[in-house]
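Have a look at the structure below before the remarks.
Quick note: the coordinates plus some simple rules give every number you see, no bench work behind them. Nothing here was measured: the structure is a model prediction, and the numbers come from that model. FYI the Cβ positions are ideal-geometry reconstructions off the backbone, even for glycines, and counts take in every protein chain you see.
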Amino acid sequence: MAETTETSCWKELELEIPAEKVQAETEKIAKDLARVARIPGFRPGKAPITLIRRRFAEEIKSEVLQELVPGRLDQALGEAKLIPVTRPQVEKVDWEEAGGVKFKARFEVLPEFELGDYKSVEIEMEPADITDADVDRAIEERRDQAASFVPVEGRPIQDGDYATLKMIGTPEGGGEPIRMDNALCHVGSDETVAAFTENLRGANAGEHRRFEVRYPDDYPEGKLRGKTYHFNAEVIAVKERKLPEINDEFAKDTGEAETLEELKQKVKQQLESARDEHQKILAQEKIVDLLLSRHSFPVPEALVERQMDARLERAVRRLIAQGIDPRGVNVDWVSLRRQQRERAEGDVRAELLLDRIASAENIDATDEELEKELQGIAERSGENIAAVRARLTREGAADTMKSKLRSEKTLDWLYQQARILAVPKKG
């Protein structure tokens, strides 16, 4: 049996099934086949076994292998105390003249490596102070979210206005038209297609405008990208966006505070809390990078491939969450997946190292922690916790979740053990 090397997690077993076992299984399968086989000149079940074995030789061999190889393989893995990452590949099957069967099985296992020093960790972190300017920006964001739209009277549309439109767009060359009864167009905005701004600027409420729009080849929405539409638009209303004044009344309207000063204090606390969490994540990443530099070990290719698929799947889900059809995006998905290899390998190495540290320190996710995580998923999805538990169990995701919680607890433990030095900001 080949051993795991520093550069590979592959192992190979050369196995044999004794002739007497092969012969017994062959006889059994041949007899079962004889009872149902239809052979010209013989009634069902009356054909000689020797004829059955000769006529259905390949089928019998195939069934014998299907019956005996998995069991022999499982026996060998148990004896060698090996746990494959994926189902072993069976190859070079040799049915010997003496009646026995020899075959090879190749598979990957988790790497064996000695844990180095993971407790004496020292990293440097730049401070991330929350300034008054940070608080002011956060207040401005709240103000922006609280803006209202008020009707414009006595003048035509100008840049910065919002036009409420009822319109129909007919694609050039035929096709399904676009119909919208209450579209809101921000005239003059960088995000607005220039043709809308140019043709709506100067219009009054109640006016109709006819114009042509040629959507750019890189337009986000796939069904419009690169196409030309002829629009007939009626201006229903003209509105402008009005921002509230930043004062005590504004603070009360947010529902977070009674005075502006109190709102600023709460915002600062929120920013500091978010800062601390972000700094913790950065510190944990540095700790893992440092520990990986102290440990050299191979990673199973199967796990890397699986992680590459997971990364690609997350990218697709992000597009869908943004309302973008991944099939309409001009992306070379094969190339994008290939580009994920280095990061995917890093992810797998980190998980394997954290798993070993967790085992060494007896860190595990408790049933209570798993229940709390399930409760959070239930609240976010609007399902009851029993339904979430059943779904995750059905999808085989419960163990993955527990493993994720274990890794997070290990990261927290490493963070508590590490010595973190504050260093001045560069530049």
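At-a-glance table
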quantity: Rounded Å value of the spacing that divides the Cα centres of the range 208-243 and the range 67-81; calculated: 66
quantity: Whole-number Å³ per residue for the convex hull built on Cα positions in the range 148-242; calculated: 92
quantity: Sites GLU67 and THR400, calculated FRET efficiency, Cβ-Cβ separation with R0 35 Å, nearest 0.05; calculated: 0.60
quantity: Virtual spin-label span in nm between GLU96 and ASP248, 7 Å along Cα→Cβ; calculated: 9.6
quantity: The chain - Kirkwood radius from inverse mean 1/r over Cα pairs (Å); calculated: 29.7
quantity: Share of pairwise Cα separations in the range 209-297, more than 15 Å, in percent; calculated: 79
quantity: Within the range 88-186, chymotrypsin sites (Phe, Trp or Tyr not before Pro) in DSSP loop having at most 15 other beta-carbon neighbours inside 10 Å; calculated: PHE113
quantity: Convex hull volume per residue in cubic angstrom - Cα atoms of the range 10-108; calculated: 100
quantity: Global size of the range 79-133 as Cα Rg and Dmax, reported in angstrom; calculated: 26.0, 87
quantity: Projected-area average for the range 271-422 over all orientations - Cα convex hull basis, square nanometres; calculated: 12.3
quantity: Convex hull projection area averaged over all views, the range 353-421, Cα basis, nm²; calculated: 5.8
quantity: Paramagnetic label zone (point 7 Å from Cα along Cα-to-C-beta, THR228; backbone N under 19 Å) in the range 169-197; calculated: 169-178, 193-197
quantity: Convex hull of the range 169-317 built on C-alpha atoms - directionally averaged projected area, nm²; calculated: 16.8
quantity: Over the chain: helical MRE at 222 nm, DSSP H runs n ≥ 4 each giving -39500 (n - 2.57), nearest 500; calculated: -16000 deg cm²/dmol
quantity: Mean-position separation - Cα centroids, the range 409-427 and the range 114-151, in angstrom; calculated: 17
